[in-house]
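Student: Below you will find the structure I want to go over with you.
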Amino acid sequence: MAVNAQSNDADMVEECTACDRETAHRVSVEIRTESTKTENAEFSREPYRVATCVACGEERTVRMNNA
């Protein structure tokens, strides 16, 4: 069942809605392109916080810039 059998000290402990408990999460920031058009796509990139549950693999993303 475990996606990544071992967590490390850098993992964050957060509530996982899939596991229904607090578990270790790998957290990162990714730049994602929001536009589906190839023309001017470089202007539609936004930072997202990505948290992945170490126990079940559930991924949760939150857009960090609401400008």
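Student: Please name which of 55, 36, 66 has its Cα lying farthest along the dipole of the chain towards the positive end, using unit charges on Cβ (Lys, Arg +1; Asp, Glu -1) and the Cα centre as origin.
Tutor: 36
Student: Quick check: at a probe of 1.4 Å, how many percent of the accessible area of the stretch 19-67 sits on carbon and sulfur atoms? Each step should come with its number before you reach the end.
Tutor: Details: 1550 of 3480 Å².
Carbon plus sulfur share of accessible area: 45 percent.
Student: Just to check I understand the Karplus step: with θ = phi - 60° and J = 6.51 cos²θ - 1.76 cosθ + 1.60, what whole-Hz values come out for the stretch 18-34, glycine and proline as x?
Tutor: Once rounded to whole Hz, the list reads 6, 7, 6, 6, 7, 9, 6, 10, 8, 10, 8, 10, 10, 8, 10, 8, 8.
Student: I would also like to ask the following. Under 8 Å for C-alpha pairs, at least 6 residues apart: give me the relative contact order for the chain, rounded to a whole percent. List each step's numbers first, then the result.
Tutor: Working: 121 pairs, mean separation 21.9, N = 67.
Over the chain, the number comes to 33 percent.
Student: Return the long-range amide H neighbours of residue 55 (sequence gap of 5 or more, or a different chain), with a cut-off of under 5 Å between placed amide H atoms.
Tutor: 24
Student: Anyone know which of 23, 33, 52 comes out most mobile in the 10 Å Cα GNM of the chain?
Tutor: Most flexible of the set in this elastic network: 33.
Student: Also, I was wondering about something else. What FRET efficiency would be calculated for the residue pair residue 35, residue 58, taking the C-beta separation as r and a Förster radius of 22 Å, to the nearest 0.05? Working shown, then result.
Tutor: Working: r = 27 Å, r/R0 = 1.21.
The value I calculate is 0.25.
Student: Answer with a single label: of (1) -0.49, -0.54, -0.78, -0.99; (2) -0.34, -0.39, -0.68, -0.96; (3) -0.40, -0.45, -0.70, -0.91, which was calculated as log10 I(q)/I(0) by the Debye sum over Cα atoms at q = 0.12, 0.13, 0.18, 0.23 Å⁻¹ from the structure in view?
Tutor: (3)
Student: Turning to a different aspect of this structure: Given charges of +1 on the Cβ of Lys and Arg and -1 on the Cβ of Asp and Glu, with all other atoms neutral, how large is the dipole of the chain about its Cα centre, in debye to the nearest 20? Write out the running numbers ahead of the final one.
Tutor: Values: 8 positive and 13 negative charges, 34 e Å.
Dipole size: approximately 160 debye.
The values are calculated or read from the model by the stated rules, or taken from the named source; none is laboratory data. The structure presented is a predicted model; accordingly, all values stated were derived computationally and were not measured. Methodologically, a virtual Cβ is constructed for each residue, glycine included, from the backbone with ideal geometry; neighbour enumeration extends over all protein chains shown. Keep in mind that these areas ignore ligands, DNA and RNA; they rest on the heavy atoms of the full protein, side chains included. Shrake-Rupley method; radii C 1.70, N 1.55, O 1.52, S 1.80 Å.
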